[in-house]
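Some notes on the structure that comes next.
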Amino acid sequence: MPQKIPIVESILSANDRLAEENRARIEAAGVFAINIMASPGAGKTSLIEQTVLALHGKLRIGMINGDIATSLDADRAAAAGATALQVNTGGECHLDAVMLRDALARLDLGAIDLLIVENVGNLVCPAGFALGTHRNVLVASIPEGDDKPYKYPGMYRGVQAVVINKIDLLPYADFRMDIFKKGIEALNPGVVQFPLSCRSGEGLEAWLDWLAGQVNTATSKDGMEVNK
Ligand SMILES: Nc1nc2c(ncn2[C@@H]2O[C@H](COP(=O)(O)OP(=O)(O)OP(=O)(O)O)[C@@H](O)[C@H]2O)c(=O)[nH]1
Ligand SMILES: [Mg+2]
């Protein structure tokens, strides 16, 4: 049994090394990158669509979508105005640094300011694989329930922002916002949170301001500040 542990560790450290190479490549192009993670259907692509539409003319946005199959989400991001690329993982439940490296080779980084990676819909696997992005963002949503921080702590611990999507559904769901936020605070004290609705647009402004601020701060410095 103990022999298995070093193997897992070496896979993860190989991934971390590649993630650092990805980051160097992204930064050399002056691009800021975020990794969006969430359960299936939480609203990752909807948030990307709204972000691309709202920041049109201010930031040039590239999108890499990781999905098990189809190019539906990359098509949606492209229709909103992003330079979008689809990665099909062929069954894998997450993106890893190798997949991102191969995708980066196919994307013109010189033509974008902000890269948004949409990870595979899953609240467990993506948290274990660094990609080389500057920020990890979790999209939670009201219909998933208020117990998710308690049940999926790894995901909630490893992010620098939490979007709480579908607040338009609050009147129809037994979602206790205080319990939910308490769970987040216990795992990731002080993490920035954005309750919003991609459908109604409520709350989107705060998210957009934060994101644009992150991009501007990072790209106006010599070298980017990275939260792993
Ligand atoms: N009511 C409501 N529905 C929303 C909102 N945001 C997204 N949806 C709906 O939720 C469903 C899933 O949204 P997507 O953006 O495709 O979710 P996703 O996380 O990208 O899904 P996967 O990529 O399949 O994991 C769609 O039917 C959206 O229209 C919202 O704020 N309110
Ligand atoms: Mg999607």
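The Cys residues in the chain with no partner Cys Cβ within less than 4.7 Å of their Cβ are 198. Note on the range 1-150: with neighbouring protein chains present and a 1.4 Å probe, carbon and sulfur make up 57 percent of its accessible heavy-atom surface.
Accessible area per residue for the range 4-219 in Å², computed with a 1.4 Å probe and the full protein assembly in place, what is it? Each step should come with its number before you reach the end.
Details: 9350 Å² over 216 residues.
Spelled out: the 1.4 Å probe surface of the range 4-219, per residue, equals 43 Å².
Can you compute the helix-only [θ] at 222 nm over the chain? Use -39500 (n - 2.57) per DSSP H run of at least 4 residues, normalise by all residues, nearest 500 deg cm²/dmol.
-12000 deg cm²/dmol
Can you tell me how the range 4-219 classifies by the Cα gyration tensor, rounded, prolate or oblate, using a/c under 1.5 as the rounded cut? Here the range 4-219 falls in the oblate category. The gain in end-to-end length when the residue 11 to residue 53 segment is fully stretched comes to 11.3 nm, 0.36 nm per residue minus the alpha carbon separation. Take the cross-link list 58/148; 44/148; 58/181; 44/181 and give me the ones stretching past 27 Å between alpha-carbons. Beyond 27 Å between Cα atoms: 58/148; 58/181.
Only Cα pairs within less than 10 Å get springs; with that Gaussian network setup on the chain, which residue of 195, 153, 171 has the largest fluctuation? Comparing 195, 153, 171 in the GNM, the peak value goes to 171.
The values are calculated or read from the model by the stated rules, or taken from the named source; none is laboratory data. Model, not experiment: these values are computed from the prediction. Quick reminder, even Gly has a Cβ in these numbers, built from the backbone with ideal geometry, and neighbours come from all protein chains shown. Surface accessibility is based on the protein's heavy atoms, side chains included, excluding ligands, DNA and RNA. Shrake-Rupley method; radii C 1.70, N 1.55, O 1.52, S 1.80 Å.
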